[in-house]
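Enquirer: Once you've had a glance at the structure underneath, I'll fire off some questions.
The values are calculated or read from the model by the stated rules, or taken from the named source; none is laboratory data. On a predicted model such as this, the values are computed, not experimentally measured, just so you know. Quick reminder, even Gly has a Cβ in these numbers, built from the backbone with ideal geometry, and neighbours come from all protein chains shown.
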């Protein structure tokens with residue numbers, strides 16, 4: 001059966017936000033009061049051991065961070081159970097990173113994050129709002145700590161702030177004549193109205209189809225035109241291109 005987590009802050013009589021100086025002052029005062037050599041009352045020795053145990057955790061920033069996390073998650077963290085004095089936990093609250101995909105950034109939701117403390121492992125769930133941006137710090141549940149969200153590079157989409165960029169392949173005749181063509185977006189398929197005469201590198205804008213913004217205006221999606229030639233021309237296609245070449249006065253290198 002899981003035992004109740006000992007409240008080390010309560011043992012020392014300090015607030016959870018106490019500074020190291022405040023923790024040290026509280027420990028010294030209590031240690032003098034309950035030291036077995038100075039206090040022969042029943043229970044003084046036990047109280048002194050509890051005070052020392054609490055100080056050993058809260059006076060070490062990394063041990064304190066681990067204790068705060070476990071305490072917030074309702075996990076028993078007795079010093080004997082997790083070997084506080086024997087092994088330093090490999091945990092730094094300032095550098096925890098949660099990597100997600102662009103699609104997950106769009107949708108938000110709960111995502112598991114594995115934290116390692118020496119030989120102990122914690123899996124916590126981080127609740128992400130829809131439209132979370134790269135670099136955002138999100139609080140860990142039940143604690144004063146947070147993790148940094150990183151949106152992983154995507155083979156198709158490029159993210160700049162809340163705007164998303166994607167290549168849009170077009171056949172030469174679609175670029176010349178204009179067309180309505182499908183385009184994949186992180187939130188699902190969409191249709192792009194391509195005006196006639198667009199060249200490679202130009203962009204078609206889908207307003208509001210970028211990364212959602214619960215607190216303001218959603219980002220936009222930009223489909224960047226990339227004209228793609230057929231890999232192989234049939235004889236009839238070649239004749240059509242030759243006819244166009246002989247009748248057109250367009251010079252792409254002209255001034």
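Enquirer: Against the definition (touching a strand residue (DSSP E or B) at 6+ places or on another chain (Cβ under 9 Å) and in a loop (DSSP other than H, G, I, E, B)), how does residue 254 come out, yes or no?
Expert: Taking the combined requirement at face value, the residue does not satisfy it.
Enquirer: Might you let me know whether the range 180-196 holds any residue that is within 30 Å of residue 136 (Cβ to Cβ) and either touching a residue at least 60 places away in the same chain (Cβ under 8 Å) or part of a loop (DSSP other than H, G, I, E, B) (or both)?
Expert: Yes, the range 180-196 contains at least one residue that is within 30 Å of residue 136 (Cβ to Cβ) and either touching a residue at least 60 places away in the same chain (Cβ under 8 Å) or part of a loop (DSSP other than H, G, I, E, B) (or both).
Enquirer: Going by what's in this entry, would residue 195 be described as surrounded by 10 or more Cβ atoms within 10 Å (Cβ to Cβ) and within 30 Å of residue 159 (Cα to Cα)?
Expert: yes
Enquirer: If I filter the range 160-179 down to residues being assigned to a strand (DSSP E or B) and in contact with a strand residue (DSSP E or B) (Cβ under 6 Å, 6 or more places away or on another chain), which single residue comes out as surrounded by the fewest Cβ atoms within 10 Å (Cβ to Cβ)?
Expert: Result: 169.
Enquirer: Please list, ordered by residue number, the helices (runs of 4 or more DSSP H) wholly in the range 1-111 having 1 or more residues that are surrounded by 13 or more Cβ atoms within 10 Å (Cβ to Cβ), touching a helix residue (DSSP H, G or I) at 6+ places or on another chain (Cβ under 7 Å) and modelled with pLDDT under 85.
Expert: Filter on the range 1-111 gives 61-73, 79-82.
Enquirer: Still on this model: Taking the options 155, 130, name whichever one is part of a loop (DSSP other than H, G, I, E, B), modelled with pLDDT of 75 or more and either surrounded by 13 or more Cβ atoms within 10 Å (Cβ to Cβ) or in contact with a helix residue (DSSP H, G or I) (Cβ under 6 Å, 6 or more places away or on another chain) (or both).
Expert: Testing whether each residue is part of a loop (DSSP other than H, G, I, E, B), modelled with pLDDT of 75 or more and either surrounded by 13 or more Cβ atoms within 10 Å (Cβ to Cβ) or in contact with a helix residue (DSSP H, G or I) (Cβ under 6 Å, 6 or more places away or on another chain) (or both) leaves just 130.
Enquirer: Additional query: Output yes when any residue across the range 206-215 is outside the structural domain of residue 104 (by TED's automatic domain parsing), under 18 Å from residue 103 (Cα atoms) and at pLDDT below 90, and no when none is.
Expert: Yes.
Enquirer: When you scan the range 201-214, how many residues do you find that are in contact with a strand residue (DSSP E or B) (Cβ under 7 Å, 6 or more places away or on another chain), loosely packed, with under 14 Cβ neighbours inside 10 Å and assigned to a loop (DSSP other than H, G, I, E, B)?
Expert: 1
Enquirer: Here's another thing I want to ask about it. Here is a list of conditions, (1) assigned by TED's automatic domain parsing to the domain that holds residue 175; (2) assigned to a helix (DSSP H, G or I), and residue 245 meets all of them except one; can you say which number that is?
Expert: The number of the failed condition is (1).
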